[in-house]
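Structure first, commentary second.
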Amino acid sequence: ALPAGDLADRLVARLTEHTVVTRPVPGGGTSTAVRKGGPPKLTVSLEDRVRGRKHLTHLSGTEAFGLAPSDLAGLLQKRFQTSASVTRLPGKAADVGSEISLQGDLVGPLLDFLKAEYSLGGRHVEVKSGR
């Protein structure tokens, strides 16, 4: 028999963090998924290509929020009138590890777009300064 205080400490130590991801589905309604771990993050980074004159903006982690990278890339391409491509990240499965690359320095507009269209901002987005 364990004292009540020790039992509570052991129980709390075994608990794992869970995150509930809710997203809209086509045709109305929502889809809910419970995942282990903390909330997922989108990663936005800027890559300098030609000494400050040309840039690439990268977006990864969209799959965790139920956003298909190829569909989102097409939408971003039209929205920002730029070139967009989707590449698979090394060591990741195709449906889990894809990255969207946008031509130009679009970090600010991309963050505004994600917040306005998908309510993803603040704790959901991680901005990296360079690659």
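Figure legend. Inter-residue proximity from the range 4-22: first residues touching a residue at least 40 places away in the same chain (Cβ under 8 Å) and within 15 Å of residue 41 (Cα to Cα), second residues outside any helix (DSSP H, G or I) and open to solvent by 100 Å² or more (accessible area, probe 1.4 Å), beta-carbon distance below 6 Å, spacing 6+ or different chains. No pairs are indicated. Residues in the range 24-43 that are open to solvent by 80 Å² or more (accessible area, probe 1.4 Å) and touching a residue at least 40 places away in the same chain (Cβ under 8 Å): 41 alone. Within the range 50-103, the set of residues being of a type in the set (Lys, Arg) and at positive phi comprises 51 only.
When you scan the range 97-113, do you find a residue that is within 24 Å of residue 35 (Cβ to Cβ), at pLDDT below 95, touching a Lys or Arg at 6+ places or on another chain (Cβ under 6 Å) and crowded, with 17+ Cβ neighbours inside 10 Å, even just one? Scanning the range 97-113, I find at least one residue that is within 24 Å of residue 35 (Cβ to Cβ), at pLDDT below 95, touching a Lys or Arg at 6+ places or on another chain (Cβ under 6 Å) and crowded, with 17+ Cβ neighbours inside 10 Å, so the answer is yes. Out of curiosity, is residue 65 modelled with pLDDT under 90 and of a type in the set (Phe, Trp, Tyr)? Yes: the conditions hold for residue 65.
Among residues of the range 68-86 that are of a type in the set (Val, Ile, Thr), those with a beta-carbon under 8 Å from a residue that is part of a helix (DSSP H, G or I) and open to solvent by 50 Å² or more (accessible area, probe 1.4 Å) at least six positions away or on a different chain give the pairs 86/70.
A quick yes/no check of all residues on (1) in contact with a strand residue (DSSP E or B) (Cβ under 7 Å, 6 or more places away or on another chain); (2) over 17 Å from residue 87 (Cα atoms); (3) open to solvent by less than 90 Å² (accessible area, probe 1.4 Å); (4) part of a loop (DSSP other than H, G, I, E, B):
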site: 12; (1), (2), (3), (4): no, yes, no, no
site: 46; (1), (2), (3), (4): yes, no, yes, no
site: 56; (1), (2), (3), (4): yes, no, yes, no
site: 67; (1), (2), (3), (4): no, no, yes, yes
site: 71; (1), (2), (3), (4): no, no, no, no
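Can you find a residue in the range 83-95 that is in contact with a helix residue (DSSP H, G or I) (Cβ under 9 Å, 6 or more places away or on another chain), hydroxyl-bearing (Ser, Thr, Tyr) and open to solvent by less than 30 Å² (accessible area, probe 1.4 Å)? Looking for residues that are in contact with a helix residue (DSSP H, G or I) (Cβ under 9 Å, 6 or more places away or on another chain), hydroxyl-bearing (Ser, Thr, Tyr) and open to solvent by less than 30 Å² (accessible area, probe 1.4 Å), one finds none in the range 83-95, hence no.
The values are calculated or read from the model by the stated rules, or taken from the named source; none is laboratory data. Note that this is a predicted model, so its numbers are computed, not measured. All Cβ positions, even for glycine, are placed from backbone atoms using ideal geometry, and neighbour counts span all protein chains on display. Note: areas computed on protein heavy atoms with side chains; ligands, DNA, RNA excluded. Shrake-Rupley method; radii C 1.70, N 1.55, O 1.52, S 1.80 Å.
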